[in-house]
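Structure, as structure tokens:
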Amino acid sequence: MSLPAVPVSQSPENKFREYLSSRPKPQRFTDQQRVLVQHIFAQHEHFDADQLILDVHGAGLNISRATIYRTLSKLVDAGLLRRIEVGTRTVYEHDYGYPQHEHMVCERCGKMIEFQSESIQAALQQVTEQNQFLASGHTLVVRGVCAECNRARNAKRRLDLI
Ligand SMILES: [Zn+2]
Ligand SMILES: [Zn+2]
């Protein structure tokens, strides 16, 4: 499930190029990085580094694991990707051009369900203001069992009782 995109003034590529050139030690935007950014921003989904590596190599792109890991870190630093810790897994998703949202994660099938809540936003704003805390972001992950897995579990339980 994807939320509607947020309009942005720049393409992810241009934003990343700008980030690299504005580093204390300006870096070149390499062809491999450009291919990775295009690949990652072609569709919104949650992915981990291993999935991305498989996907990139499956598409016949010859980019090393080290380059992929380094580029992911830079994309997070540049504000293009968001890193979410889900248990022992680190998941990435678009930050640039995508609205702030929270996640529910199914511990059975691994599905990530996105949701937005005005009352959560309001509560966070209140708490941070009370503490004179300048927030740069937050991560809220609700763990549990999704409706589908719950239905499957109940159906099995009924069968076990027969
Ligand atoms: Zn599930
Ligand atoms: Zn998400």
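Here are a few things to note about the model shown:
- Of all positions in region 66-83, at least one carries a residue that is within 16 Å of ligand 2 (Cβ to nearest atom) and touching a Pro at 6+ places or on another chain (Cβ under 8 Å).
- Among the criteria (1) closer than 30 Å to Gln27 by Cβ; (2) at pLDDT below 95; (3) away from ligand 1 (no atom under 16 Å from the Cβ); (4) not small (Gly, Ala, Ser), the one Arg89 does not fulfil is (3).
- Residue in region 142-153 that is acidic (Asp, Glu) and either closer than 18 Å to Leu52 by Cβ or free of Cβ contacts under 8 Å to residues at least 12 places away in the same chain (or both) present: no
- Residues within region 53-62 that are surrounded by 13 or more Cβ atoms within 10 Å (Cβ to Cβ) and in contact with a His (Cβ under 8 Å, 6 or more places away or on another chain), tallied: 3
- Some residue of region 126-139 being within 15 Å of ligand 1 (Cβ to nearest atom) and in contact (Cβ under 8 Å) with a residue 24 or more places away in the chain: no
- Cross-chain or 6+ apart pairs with Cβ under 9 Å, region 38-59 first and in the same structural domain as Arg70 (by TED's automatic domain parsing) and free of Cβ contacts under 8 Å to residues at least 40 places away in the same chain, then of a type in the set (Val, Ile, Thr) and away from ligand 1 (no atom under 16 Å from the Cβ): His39/Val56; Ile53/Ile63; Ile53/Ile68; Val56/Val35; Val56/Ile63; Val56/Ile68; His57/Ile63
- Scan of region 39-62 for residues that are in a helix (DSSP H, G or I) and not polar (S, T, N, Q), ordered by number: His39, Ile40, Ala49, Asp50, Leu52, Ile53, Leu54, Asp55, Val56, His57, Gly58
- Restricted to region 104-125, and to residues there that are in contact (Cβ under 8 Å) with a residue 40 or more places away in the chain and not charged (D, E, K, R), the residue that is nearest to ligand 2 (Cβ to nearest atom) is Met112.
- Verdict on Val141 being within 30 Å of Phe16 (Cα to Cα) and in contact with a Lys or Arg (Cβ under 6 Å, 6 or more places away or on another chain): no
The values are calculated or read from the model by the stated rules, or taken from the named source; none is laboratory data. Predicted model, so just to flag it, every value in this text is computed and none were measured. Neighbour counts run over all protein chains shown; Cβ positions are idealised from the backbone, glycine included.
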